[in-house]
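Everything below concerns the one structure shown next.
The values are calculated or read from the model by the stated rules, or taken from the named source; none is laboratory data. Since the structure is predicted, the reported quantities are computational estimates derived from the model, not experimental observations. Quick reminder, even Gly has a Cβ in these numbers, built from the backbone with ideal geometry, and neighbours come from all protein chains shown. Only protein heavy atoms, including side chains, enter the accessible area calculation; ligands, DNA and RNA are left aside. Shrake-Rupley method; radii C 1.70, N 1.55, O 1.52, S 1.80 Å.
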Amino acid sequence: MHERRPSPEGVIAAAERIAAEVTKTPILPLQWQGVRLWAKAECLQQGGSFKLRGATNRLMQLDQAERTRGVVAFSSGNHAQGVALAARRLGIAATIVMPSDAPAVKRHATIAAGARIVEYDRYTQSREEIAARLAEESGAALVPSFDDVDVIEGQGTAGVEIGAQLREATGQGPDKVLVPCGGGGLSAGIALALPDAEIVTVEPEGWDDMARSIEAGRALPVPDDAPATRCDALQTKLVSPLTLNALRSAGARGIWVTEADIERAMAFAARELRLVVEPGGAVALAALLVEKAGEVSERTVVVISGGNVDPLLYAEILRRQEA
């Protein structure tokens, strides 16, 4: 029996399945150095990020017995909110394993969506082990943030929208898509949805394990001495074979940006696009602004993946950038 893998057909099926449950987010024209390209504003998705897509696709396929037993997920916040929102709509109890230092705005939103939170120390405890134990004890279904076929295919529905929206705007599909990358669920899903586009994953400096893994042909972990980053949404220690293989098969490449680059991109998004963007959601835009993305055109799309940022941190960053 072959292991099931995410597929373009699965992404199309997911798009049809969840269409009524998620927001079709806009692509916004983005002027950069005389070129009009496009920003896919997933920060305007319900729950503040693309994560509702994968969570909804996963939970909608649970049978009634599984729904009765509930779901367990682990997340610093965006996946937590996606699972919590999808679970509430479907009448499913959700437990989220969340680091004790997760941004308060993400924690409060997850609780508001009806989920129960179990805290852990991200530096001394394993969220995967805690979540697996909770799922085993209760019989709940485990909903990974990226290492899951249904989740990856659900995230890929953003790519289905990008393809249709760009064809409507320009008459052609995208030739390059810059995507923020943690575990790679979004970038792998978009790669499956848009096989004719170059996929470029973007990660914070020192956390570019997907870029290094693509190059090495095997999953390489983030080093223990990785620098601090405000991109809590992208702090994945080890990518999944499912996402890595999909990206390698698509010929994707990876790049990284600095914390200073990311702050600049957040301020640019506020000023030029009128979008509130969290650090992890701004990395692809940052790569564009520091010209790490390579050649761009009107068929280039920059994915802005999330907008769940602590208000005080956001105000501090904007003030610093405007000084």
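Filter segment 209-230 down to the residues that are closer than 21 Å to SER75 by Cα and surrounded by fewer than 24 Cβ atoms within 10 Å (Cβ to Cβ) and list them by number. Write out each step before concluding.
Initial filter on segment 209-230 (closer than 21 Å to SER75 by Cα): 209-210, 219-224, 226-230.
Across segment 209-230, the qualifying residues are ALA219, LEU220, PRO221, VAL222, PRO223, ASP224, ALA226, PRO227, ALA228, THR229, ARG230.
Give me a count of the residues in segment 233-252 that are under 21 Å from PRO103 (Cα atoms) and part of a helix (DSSP H, G or I).
In the first step, residues of segment 233-252 are kept if they are under 21 Å from PRO103 (Cα atoms); the result is 233-237.
Among the residues that remain, those that are also part of a helix (DSSP H, G or I) are: 233-234.
Result for segment 233-252: 2.
Pick from GLN45, GLN33: which is modelled with pLDDT under 95, among the polar types (S, T, N, Q) and under 27 Å from LEU166 (Cβ atoms)?
Values: GLN45 fails: modelled with pLDDT under 95.
One residue alone meets the criteria, GLN33.
On the basis of being without any contact (Cβ under 8 Å) to a residue 24 or more places away in the chain and charged (D, E, K, R), does ASP224 make the cut? Show your work before the answer.
Numbers: without any contact (Cβ under 8 Å) to a residue 24 or more places away in the chain: yes; charged (D, E, K, R): yes.
Yes; evaluated as a whole, the condition is true for this residue.
Filtering segment 44-94 down to residues that are more than 16 Å from ARG17 (Cα to Cα) and among the basic types (Lys, Arg), which residue is least open to solvent (accessible area, probe 1.4 Å)?
ARG67
Listed here are the residues, each with its yes/no results for (1) within 26 Å of ALA94 (Cβ to Cβ); (2) open to solvent by 10 Å² or more (accessible area, probe 1.4 Å); (3) touching a residue at least 40 places away in the same chain (Cβ under 8 Å).
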{"position": "GLU3", "(1), (2), (3)": "no, yes, no"}
{"position": "GLU9", "(1), (2), (3)": "no, yes, no"}
{"position": "GLU16", "(1), (2), (3)": "yes, yes, no"}
{"position": "TRP32", "(1), (2), (3)": "no, yes, yes"}
{"position": "VAL35", "(1), (2), (3)": "no, yes, yes"}
